[in-house]
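See below for the structure under consideration.
The values are calculated or read from the model by the stated rules, or taken from the named source; none is laboratory data. Source: prediction; values computed, not measured. Reconstructed Cβ throughout: ideal geometry from the backbone, glycine too, with neighbour counts over all protein chains shown. Ligands, DNA and RNA are stripped out before the accessible areas are found, and what is left, the full protein with its side chains, is counted by its heavy atoms. Shrake-Rupley method; radii C 1.70, N 1.55, O 1.52, S 1.80 Å.
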Amino acid sequence: MQELADRIVVLREAYYQGSPLVADAEYDLIEDELRELVGAHPELAPDPNPLEQVGAPGVLHAPIRHSRPMLSLEKATKPEQVAAFFDRFPGQSVVVMPKLDGLSLALVFEDGRLARAITRGDGTTGDDVTMLVRALVDGVPEKIDTPGRVEVRGEAVMLRSTFAAYNTAHPDKPLINPRNAAAGTLRAKDPATVAERRLQFFGFDLDDSSGDAALDLEDGLRALGIAGAQMRHCEDATQAQAAISAIEDGRNDLDYDLDGAVLRLADRDAYAAAGTRSNSPRGALAFKFAAEEKTTLLREVIWDVGKTGKIVPVAWLEPVFVGGTTVTKATLANQEVIRARDIKIGDTVLVRRAGDVIPFVAGVLDAAKRTGAEQEIVPPTVCPSCQQPVTEQGNSRELFCTNVSCPAQTVRRLIHWASRAAADIDAIGPVWIERLAEAGMLEQPSDFYTLTKEQLLEFDRVGEVSAQRMIDSIDASRQVGLRRALIGLAIPMASDGTAARLARSGFGSLEEVADAGEERLVAVEDIGPKVAASLVAHLTRLRPELDRLRANGVSLDVREEDLPPVVAAGAPLEGKTVVITGAISDPRSGEKVARPTFQRLCEKAGATTASSVSASTDMLITGAGVGDSKLTKAEKLGVAVVDQGEIWTMLIDANVV
């Protein structure tokens, strides 16, 4: 137990210095093990017991004692624990809010002015970081309109967009993750050294000298001009679990990290009356989500050739369960990222996976633990597939194979053509495409449409039913159309958005795009000279393939679904610019609806859809698990916030759906 306690102290110190030694999930396991042992053998509990302490070790300078302890929260991971929480407080309403993954702060206002900003520290005493908060943290007002003493507690987080922008600007010294970047930022000795690492403050607690506990927490924070995490009022465990699920479902749409949801008694008097344990309030509970970061061993690096010839490093890992799935491979981006993060084969690395995002190696946690057996990651000088020389491009020194006949590129291009975003040949997966290519039956997309059932039946483990299903899937894909065919051809620099814009710009067929010339292509919105040049060069080279696709009955004409929607007179959303956020579901069936599908319906109802809230936005349409950033911005700009249910009613009444 003493060994575990000492380990926890070391890990906390490193975490609050912004240089974690293990992932959060692994730290939690160490705490849980000690907690279990202390429960079984309380007489042998270490003294001091780190489980009875909160947060970081004692501060080194400018200590400020909190007016009341800043405590940790009791953890839960199962619905039964949520039900038990409600059973402890029968008849009490509970608010459920996102649990932000940043650095806890207490802001103290005296007679309307910000007097102090204090870190949580050890829960009793924190560090005065007022100067840093004033210089670096957005969302903290210098003045408020409330007299007397007001204390707001909340979380300072680094937005994902800020984190990405910083790492792009500083590829030589990238930050590992937003959470530790936030902690490190507010431990800097000089604000000027971390000026680009701005943070955002969100409130989650309020204590004022007025004693008006009846004031709703969300309304109270809003009155002070402070953004708070969106709160959902729940009357029972079933409602609370639904709110938790909605927050988890929407976590990847946010601009900041969450690691769970917080349940708290809605009545502030009841919350205070519930009292505290040694290090946690009784009236609150933290429901932890599945970890999105874990540490594991980097066993090997394979250089993989993509559909455009780009050669990227792929990390082969000791299997680790992260982000809801077992991960064995992760991206390393390029050789400059490897160099900047000083990653070596044999290192224990931090692996991150959020939602459906491809897992990636964020960095090495503790290079000091290296044994000397680690190996440098050496980029190839020839293509791993065709052995032709590689070229370097761009500031990131990305590697490319320029041999268009490279076998690996051929297979990747065929897989991409058959993908859901392109031709959607769902019955023939990557493994079968590779086998067919090795057999000489597939070299280019048009070859799919010459395959016969008899050819497929020659392969082992292929019967009548599966062969027919493959042929049917190929036949269905003949209606691919201009937009999806252009996506499927994987032309460098031509994104899915490029294909959509061309389909909406008056081009009737892919051949017409191929013949357009750079000048006409540049006239299309958001298509620049480089994209236009790439389209012309590659479509000219691919013109014989377009002819072969046509000869095999593949439609390359623009489809109705890709054209601007026909809007009837008096459409309910005519002239409105809308932004959609959160998970969307059809109220008639309860089934989830893909956001592009819902956007198309809104466009048919006359709306113009946008991806972010601005002064020109008329309406923010909210689904389940809505993020706070768009809501806060909409409120500041006076944009109407409308629940998806109201929009569905409009769409149904107008016969749009």
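For the reader, a short list of remarks on this structure follows.
- Overall form of segment 343-390 per C-alpha gyration tensor (a/c, 1.5; a/b vs b/c): oblate
- ASN334 sits among other residues whose Cβ lies under 15 Å from its own Cβ, and their net charge, with Lys and Arg +1 and Asp and Glu -1, is -2.
- Unpaired by the 4.7 Å Cβ criterion, cysteines found in the chain: CYS234, CYS602
- Under-5 Å amide H pairs with PHE321, H placed in peptide plane, nonlocal only: VAL327
- The phi torsions of segment 565-577, fed into the Karplus equation with coefficients 6.51, -1.76 and 1.60 and a -60° offset, translate into couplings of x, 7, 9, 6, 4, x, 4, x, 10, 4, x, 9, 9 Hz, rounded to whole numbers, with Gly and Pro shown as x.
- Comparing segment 614-657 with the 2.2 N^0.38 Å rule of thumb, its C-alpha radius of gyration ratio is 1.28 (two decimals).
- Proximity of backbone amide H atoms, modeled 1.01 Å from N, is registered between TRP303 and VAL314 at under 5 Å, excluding neighbours fewer than 5 places apart on the same chain.
- Long-range amide H partners of GLY260 with built H, under 5 Å: LYS99, PHE289
- Relative contact order (%) - criterion: Cα under 8 Å, at least six apart; region: the chain: 10
- Semi-axis lengths (Å, descending) of the ellipsoid that matches the C-alpha gyration tensor of the chain: 49, 32, 24
- The value of relative contact order for segment 96-145, using C-alpha pairs under 8 Å at least six residues apart, is 28 percent.
- Accessible area (Å², per residue) of segment 290-385, counting only protein heavy atoms and a probe of 1.4 Å: 46
- Karplus-based coupling profile of segment 543-559, in residue order and whole Hz: 4, x, 5, 4, 5, 5, 4, 4, 4, 9, x, 8, 7, 10, 8, 5, 9, with θ = phi - 60° in 6.51 cos²θ - 1.76 cosθ + 1.60 and x standing for Gly or Pro.
- Expressed as a whole percent, the accessible area of segment 505-546 that falls on carbon and sulfur atoms is 53 (1.4 Å probe).
- Phi-based couplings in Hz for segment 27-41 (Karplus 6.51, -1.76, 1.60; Gly and Pro marked x): 4, 4, 5, 5, 4, 4, 5, 5, 4, 5, 5, 5, x, 7, 9
- Within the chain, helix-based [θ] at 222 nm, where runs of 4 or more DSSP H residues each add -39,500 (n - 2.57), nearest 500: -9500 deg cm²/dmol
- Solvent exposure of segment 121-249 as accessible area per residue, Å², 1.4 Å probe: 42
- Considering only ALA537, VAL320, ILE415, and ranking their Cα positions along the charge dipole of the chain that arises from unit charges at the beta-carbon of Lys, Arg, Asp and Glu, the one farthest toward the positive end is ALA537.
- Scattering profile of segment 503-657 at q = 0.09, 0.17, 0.21 Å⁻¹ [log10 I(q)/I(0), Debye over alpha-carbon scatterers]: -0.43, -0.99, -1.19
- For VAL411, net neighbour charge (Lys/Arg +1, Asp/Glu -1) across residues whose Cβ lies under 11 Å away: +1
- Radius 13 Å from Cβ of THR193, net charge of other residues (Lys, Arg +1; Asp, Glu -1): +2
- Estimated dipole of the chain in Debye, rounded to 20 [Cβ of Lys and Arg +1, of Asp and Glu -1, Cα centre]: 1040
- The distance from the alpha carbon centre of segment 372-408 to that of segment 595-630 is 42 Å, rounded to a whole number.
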